[in-house]
1. Can you tell me which residues in segment 193-208 are assigned to a loop (DSSP other than H, G, I, E, B), surrounded by 16 or more Cβ atoms within 10 Å (Cβ to Cβ) and within 13 Å of the ligand (Cβ to nearest atom)?
2. Scan GLU180, GLU166 and give me the residue that is closer than 15 Å to VAL134 by Cα and at pLDDT 95 or above.
3. Sort out which residues of segment 60-90 are more than 16 Å from the ligand (Cβ to nearest atom) and either in contact with a Pro (Cβ under 9 Å, 6 or more places away or on another chain) or closer than 24 Å to LYS225 by Cα (or both), and write them in order of number.
4. Scan segment 129-146 for residues that are away from the ligand (no atom under 13 Å from the Cβ) and either buried (at least 17 other Cβ atoms within 10 Å of the Cβ) or β-branched (Val, Ile, Thr) (or both) and jot them down.
5. Of the residues in segment 34-47, how many are acidic (Asp, Glu) and open to solvent by 90 Å² or more (accessible area, probe 1.4 Å)?
6. Looking only at segment 55-72, filter to residues that are within 19 Å of ASP93 (Cβ to Cβ) and open to solvent by less than 50 Å² (accessible area, probe 1.4 Å); which one of those is modelled with the lowest pLDDT?
7. For ASP85, indicate whether it is free of Cβ contacts under 8 Å to residues at least 24 places away in the same chain, part of a loop (DSSP other than H, G, I, E, B) and of a type outside the set (Val, Ile, Thr).
8. Checking ILE111 against (1) closer than 30 Å to PRO162 by Cα; (2) at pLDDT below 95; (3) β-branched (Val, Ile, Thr), which test does it fail?
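The values are calculated or read from the model by the stated rules, or taken from the named source; none is laboratory data. Every value quoted in this text rests on a predicted model; they were computed, and no experiment measured them. Positions of Cβ are generated from backbone atoms using ideal geometry, with glycine treated the same way; all protein chains shown enter the neighbour counts. Calculation scope for accessible area: heavy atoms of the full protein, side chains included, ligands and nucleic acids excluded. Shrake-Rupley method; radii C 1.70, N 1.55, O 1.52, S 1.80 Å.
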Amino acid sequence: MRLDKYLTTMGIGSRSQVKDYIKKGKVKINGEILKKPEYHVDEENDIIEFQGINLEYSKFYYYMLHKPAGYLSAVKDDHCQTVLDLLDVTPKDGLFPVGRLDKDTEGLLLITNDGALSHELLSPKKHVEKKYYVELDGALTESDIQLFQEGVDIGEKHLTKPAKLELLEDNHKAYITITEGKYHQVKRMFKTLGLTVIYLKRLSMGPLELDSTLKPGQFRPLTEKEIKELQCNK
Ligand code: URA
């Protein structure tokens with residue numbers, strides 16, 4: 001495999017970022033700086049270092065996937081395709097999606113092998129904001145903004161936590177930001193208004209925003225900046 005491709009699959013950065021890192025002398029092969037992105041890596045025998053870190057020991061990987069509809073947010077399933085089937089990376093063992101989007105939901109999904117980070121992002125105590133774009137089969141009203149702010153009864157022990165609703169266009173479309181992750185939460189919240197969600201897309205999770213250049217089904221490693229921001233969010 002080419003060195004730039006290898007570094008990309010190891011989660012170091014996008015193809016153009018890693019080429020830049022290589023040209024700047026941040027990559028060493030067997031102890032020597034090597035500035036050729038086209039170098040053919042011997043994955044079994046070469047010792048590859050990025051900024052002094054031996055990549056064999058670099059433990060965690062982080063990918064942003066633009067989940068398309070029709071895929072389960074799971075590692076494996078006997079009947080359906082899963083989001084991991086879309087991820088053509090090495091190493092792949094141990095990767096899992098952070099939280100779940102419904103099969104018909106699109107948008108931002110973080111895939112990692114970092115269990116601690118996943119736990120932090122999903123912990124109800126952390127109130128991590130998740131923003132969605134939603135299309136409905138009917139119109140919202142200004143008063144729904146207040147209702148969602150106060151919390152609605154979706155049949156759980158407590159009302160939902162305050163959610164931010166931003167009406168768009170003809171009021172059949174909106175952004176909603178929630179800080180919980182109950183099963184089908186967004187769909188159930190709109191059901192309390194007598195509305196059905198006909199399209200749902202997650203745009204952000206905490207500081208992480210869906211890269212608008214990723215088409216449904218495409219993914220990329222997180223940048224160092226994005227990883228740091230997520231970790232600072234802890
Ligand atoms: N809320 C839902 O109803 N579905 C999702 O996929 C995510 C949030």
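1. Passing the criteria: only LEU195.
2. Exactly one of GLU180, GLU166 is closer than 15 Å to VAL134 by Cα and at pLDDT 95 or above, namely GLU166.
3. Across segment 60-90, the qualifying residues are PHE60, TYR61, TYR62, TYR63, MET64, VAL75, LEU84, LEU86, LEU87, ASP88, VAL89, THR90.
4. Of everything in segment 129-146, those that are away from the ligand (no atom under 13 Å from the Cβ) and either buried (at least 17 other Cβ atoms within 10 Å of the Cβ) or β-branched (Val, Ile, Thr) (or both) turn out to be LEU140, THR141, ASP144, ILE145.
5. Result for segment 34-47: 3.
6. SER58
7. Taking the combined requirement at face value, the residue does not satisfy it.
8. Result: ILE111 fails condition (2) only.
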